[in-house]
């Protein structure tokens, strides 16, 4: 069987297809229609099958909605139906909001309200989350993906299937992701089709991905790096493979069985694979490319990974959600680096970089990294969140990343740490003020301060609180109702009062020192 689709004919019929994020999938469809696009949960779907499922879901949803909603939420895990659901959302031409079923219902309700979600695509993984959302007062039309609930509120109807994705404009929002907010509520980041088109155009020039490549898909679908996984694989006509949790017990075996050629994860995965004995010399011979992002990458971890994957090219990628997935990259070849950490590299072409010192003046050598360019979001969903993060200079709009960097010889950037109260926990960026606000909402707590300390190659959150001596287990239980599991602190300290610095402000440095030196 000829497994190709005439992409030229598709583009001739509608040139706008190529600027849409979903157009990446159509490229893969054109190259690999009857090759596997996805392997998840023991199920394999070809490009043609995934495309047809997405057209059916998108058409059924549009046919049953009385009016066009501001956004469509995709409430799904990482099973086969989750990927058809994401693609279906994009095929409607409406903004997609990936929602994590494991998140607290109160947090998901905030995201739904902030982004204007008017309907949900869901699967079996999301049934408990849907029940919890209804208890939170969320009552939206729900379409279940194939393989989901047999009696959905909106039934997939073959006669409603779209013939092609709905056209979009470059300035339309492709998806909205949420980051931690200092006010205690998540901040919505809208990413346009123009943002993603620039991004993937650069990646197409930089990498040689093709139909024979098999990509890992380690990130949750509400994490921006998952967009890299999906649309690098699908844009090349390659195969996306979702490693189950048990795969990390013997990653060399999993990689060999599935022929993995492209790996992408947070650096924390390296430590996990090492503990499982999976970083033996030459243990990952099939890998051609290895990517890491979401946390600082140590040279030790990078070296250990390359010893296991000697045929792999390793890159450290950097970028906040506000700058469309990743906006800088460094190709590491074993060289020494500042503080034994792999550089974050050069910022993508077409962008402008400023380094600001504490006074806000430009610095040539070191300062807070600020970036302007075609990957930058126009601002948060709530413009009130823009203050302190976006500014105008030199006729361009810049984003303050909060990351302190130093320029190395040749212009590449070295990561020095955070300049603000935002930290990364297992690749998830969180404002410490959001955790503070959540702890203050717990019964018995008067005030709270959260600090971050190094732990096991990542960071760990430690909470200091005043008021009643609330048991840590009770605090953790309360916080799981409002915070993602990855950022619920594991350590809690009750104090009669907080230490103060000479300016009579809470001495956060002293608290951080206590957290780092006091045994649990």
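The values are calculated or read from the model by the stated rules, or taken from the named source; none is laboratory data. Keep in mind that what you see is a predicted model, and the values were worked out from it rather than measured. Note: ideal-geometry Cβ built from the backbone for every residue, glycine included; neighbour counts use all protein chains shown.
Listed values, structure above:
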read-out: Single residue of 285, 267, 310, 281 found to be out of contact with any helix residue (DSSP H, G or I) (no Cβ under 9 Å at 6 or more places or on another chain) and touching a residue at least 24 places away in the same chain (Cβ under 8 Å); value: 310
read-out: Output for region 404-420, where each listed residue is in contact (Cβ under 8 Å) with a residue 60 or more places away in the chain and assigned to a strand (DSSP E or B); value: 405, 406, 413, 414, 415, 416
read-out: Filter result (over 20 Å from residue 257 (Cα atoms) and touching a helix residue (DSSP H, G or I) at 6+ places or on another chain (Cβ under 9 Å)) within region 297-307; value: 297, 298, 299, 300, 301, 302, 304
read-out: Hey, residue 399 under 19 Å from the mean Cα position of the chain (by Cα), in a strand (DSSP E or B) and under 22 Å from residue 329 (Cα atoms) or not; value: yes
read-out: Subset tally (residues that are in a strand (DSSP E or B) and at pLDDT 80 or above) for region 132-172; value: 3
read-out: Filtered residue count, region 307-332, keeping only those that are in a loop (DSSP other than H, G, I, E, B) and crowded, with 17+ Cβ neighbours inside 10 Å; value: 8
read-out: Failed item, numbered, when residue 371 is tested on (1) assigned to a strand (DSSP E or B); (2) farther than 18 Å from residue 203 by Cβ; value: (2)
read-out: Any hit, region 441-456, residues being crowded, with 18+ Cβ neighbours inside 10 Å, in contact (Cβ under 8 Å) with a residue 60 or more places away in the chain, in a helix (DSSP H, G or I) and at negative phi; value: no
read-out: 3 or more residues outside the structural domain of residue 478 (by TED's automatic domain parsing), modelled with pLDDT of 95 or more and over 22 Å from residue 177 (Cα atoms): qualifying helices (runs of 4 or more DSSP H) within region 13-127; value: 22-32, 47-64
read-out: Filter result (in contact with a helix residue (DSSP H, G or I) (Cβ under 7 Å, 6 or more places away or on another chain), without any contact (Cβ under 8 Å) to a residue 40 or more places away in the chain and crowded, with 23+ Cβ neighbours inside 10 Å) within region 223-264; value: 232, 251
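Listed here are the residues, each with its yes/no results for (1) closer than 24 Å to residue 204 by Cα; (2) outside the structural domain of residue 216 (by TED's automatic domain parsing); (3) outside any strand (DSSP E or B); (4) modelled with pLDDT of 95 or more.
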site: 301; (1), (2), (3), (4): no, no, yes, no
site: 334; (1), (2), (3), (4): no, yes, yes, no
site: 354; (1), (2), (3), (4): no, yes, no, yes
site: 364; (1), (2), (3), (4): no, yes, yes, no
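Every residue, every condition in (1) buried (at least 20 other Cβ atoms within 10 Å of the Cβ); (2) modelled with pLDDT under 85, yes or no:
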position: 396; (1), (2): no, no
position: 405; (1), (2): yes, no
position: 409; (1), (2): no, yes
position: 462; (1), (2): yes, no
